[in-house]
Each structure stands twice: as C-alpha cells, then as structure tokens.
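Before any comments, here is the structure.
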Amino acid sequence: MRLVNTTPVLDEKKCIGCVICSSVCPTLAWSVNRETKLAVLDEPLCFGCVNCEARCPTYAIKMVPRKNEKLLYVDPLQVDYAQVEDLCRRARFHPEQIICFCTSSRAEEAAAAILTGSLTPEDISARTGIRSGCTIECSQPLLRLLETAGIPFRPALDGKGWQIYGKVPTLWEIPHSVKQKYANRGFHFEEDQALMEEVIASPAQPPGSRTLNVTAPKAEEAMALAGRTAG
Ligand code: SF4
Ligand code: SF4
C-alpha cells in the first residue's frame, strides 16, 4: 500500500535524452522520444518513488506535490482468500508476511495483484506501491510469486523485459553439497529452513478478521518496565 502524493516534472531545457530515468523507473513511466531526444512521462503509472529525480544526471526532473493524491492498494479479499494463501505458501511465504518494508505490503497483496491480472513486476508495483522505496527486499518476493504463478521471468535485454534483475536461489534451492560445504562456517541452512517452513505453514487470518494478540502488562509490570515503583 502506498499513498502517492508527488509527481515528477521535466525541465526540457536540461534533458539530454540519456534514458537513465526510463532505466530506473520501476513502473516504466518514463520513455525517451527517439526524435526529440526528450524524456516523456506516462504520469498515471508514476507511484512517486523519486528514483528518476535522484538519478537524472542533469537535474532535469523535480518532484512536486500531486494535485490529487492516490492510494495504491490491492485488497486480497477481492479474490478467494484460499487462492491467495495457496499462491503465497507455494512461493514459500506466509500470506501475512511483509515483503516490502518501505510500504508495509504483505505477500497476500502481491499475490492478489497477480491473481487479478498483474503479470509483471511493473504492473504489481503500479497497483500496490511495492518497489517504491529501497527495492532491495521486495524484488525477490515478487519474482518468486510470479514464478510460482507460472509466469516466466523476462530479462530486460530486449528493452521489453522486466525492470528487475533475476531471481537468486532460496534456502530450498541451494544444493545440498553447498550447504554441507559451508555448514561449519557459521551458516545454519537446515535450522533456518525448518524455522521458515514452520512460519509459512502457520495459520493465516484474512484481512478484516485480524485482531492484535497483545496482552497488556499489569500496572505493576508496566511501572517496573518504566523503572519506577507502583504505588
Ligand atoms: S535521466 Fe534526465 S536527462 Fe536523462 S532522459 Fe531522463 S530526464 Fe532526460
Ligand atoms: S517517481 Fe518513480 S515511479 Fe514516478 S516516474 Fe520517477 S522513477 Fe518512475
């Protein structure tokens, strides 16, 4: 989920058509016109990540407040939640697991985006806001969910592929020989995998039926925690 409240504006006098903005935009909102050699924005695709402003070498792009803020969110309840759960768990995520810390987006939201027609990371990003921050934690989960849904990876080499590097091996894909080789060097592959499988298999609650399972500390305990004496 992301509230988009800024949008980029181009200063054409400064643009040199270097295509850096179109290369770093997670939603493919920028392209460069071959004839004018100027960047062109498909504004509705922009989710305000500021990558283009930060990377433009001539400072031709400036983020400004949007006239109308827009909220990006795909509600997992618009599809059968059992399907959402199934896709998440097969991709080795718990449905409630946060896969994008910058936007607090859970695996279930990305799965719901895929199940409602998003077939590329760019389209998932444009609908959910995922990848509008660091783009480090969220990229691999998106690739795993898409692959699990039967959508093959498309390298960006031909200019038409995904704006994302390929998938890296998960704990489940690292060969046994490699695990053995590094077992005595501070890695705990088997223990980590067992723990992850326990988490992935644990029950999930659909959004809307969740309750915070927090026990309020008694007054004395709260005071003790605060370093004071209850009285
Ligand atoms: S990165 Fe900047 S200079 Fe390069 S094409 Fe985009 S707007 Fe123009
Ligand atoms: S702010 Fe982000 S999403 Fe918007 S055009 Fe720039 S790079 Fe693309």
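Values in this text are rule-based calculations from the coordinates and carry no lab data. Keep in mind the model is a prediction, meaning the values are calculated, not measured. FYI the Cβ positions are ideal-geometry reconstructions off the backbone, even for glycines, and counts take in every protein chain you see.
The equivalent ellipsoid of the range 52-102 has semi-axes of 36, 16, 8 Å, largest first, where each one is the square root of 5 times an eigenvalue of the Cα gyration tensor. Of the cross-linked pairs LYS37/LYS62; LYS13/LYS167; LYS62/LYS167, those separated by over 28 Å at the C-alpha level are LYS13/LYS167; LYS62/LYS167. Going by alpha carbons, how many degrees (0 to 90, nearest 10) lie between the helix axis of 81-90 and the longest principal axis of the chain? Here the helix axis deviates by roughly 90 degrees. In order along the range 30-45, the Karplus-derived 3J(HN,Hα) couplings, from 6.51 cos²θ - 1.76 cosθ + 1.60 at θ = phi - 60°, round to 9, 9, 10, 5, 5, 7, 7, 6, 10, 5, 10, 9, 9, 4, x, 7 Hz, and Gly and Pro are given as x. Radius of gyration over Kirkwood radius for the range 76-168, both on Cα atoms: the Rg/Rh ratio is 0.93.
Computed over neighbours whose Cβ is under 11 Å from that of ALA183, the net charge equals +1, Lys and Arg +1, Asp and Glu -1. Each helix, a run of at least 4 DSSP H residues, gives -39500 (n - 2.57); summed and divided by the residues of the chain, these come to -8500 deg cm²/dmol at 222 nm.
Within the listed set GLU191, GLU85, GLU53, the residue fluctuating most in the Gaussian network model of the chain (springs between alpha-carbon atoms under 10 angstrom) is GLU191.
Note on the chain: with charges restricted to the Cβ of Lys and Arg (+1) and Asp and Glu (-1), its dipole about the Cα centre is near 740 debye. The base-10 log of I(q)/I(0) for the chain, evaluated at q = 0.11, 0.16, 0.17, 0.18 Å⁻¹, reads -0.70, -1.11, -1.18, -1.25 [Debye formula, identical scatterers on Cα atoms, solvent excluded].
With no other cysteine's Cβ closer than 4.7 Å, which Cys residues of the chain count as lacking a disulfide-compatible partner? For the chain, the answer is CYS15, CYS18, CYS25, CYS46, CYS49, CYS56, CYS88, CYS102, CYS134, because their Cβ atoms have no other cysteine Cβ under 4.7 Å. When each of the peptides 94-101, 72-79 is scored by the mean number of other C-beta atoms lying within 10 Å of its residues, the order from highest to lowest reads 94-101, 72-79. Ordering TYR182, ALA111, LEU71 by the projection of their Cα atoms onto the charge dipole of the range 66-186, which places +1 on the Cβ of Lys and Arg and -1 on the Cβ of Asp and Glu, puts TYR182 at the extreme positive end. Overall, the anisotropy analysis places the range 1-86 in the prolate class: the square-rooted eigenvalues a ≥ b ≥ c of its C-alpha gyration tensor yield a/c not less than 1.5, with a/b exceeding b/c.
On the basis of the beta-carbon distance and an R0 of 22 Å, ARG210 and ALA149 show a calculated FRET efficiency of 0.35.
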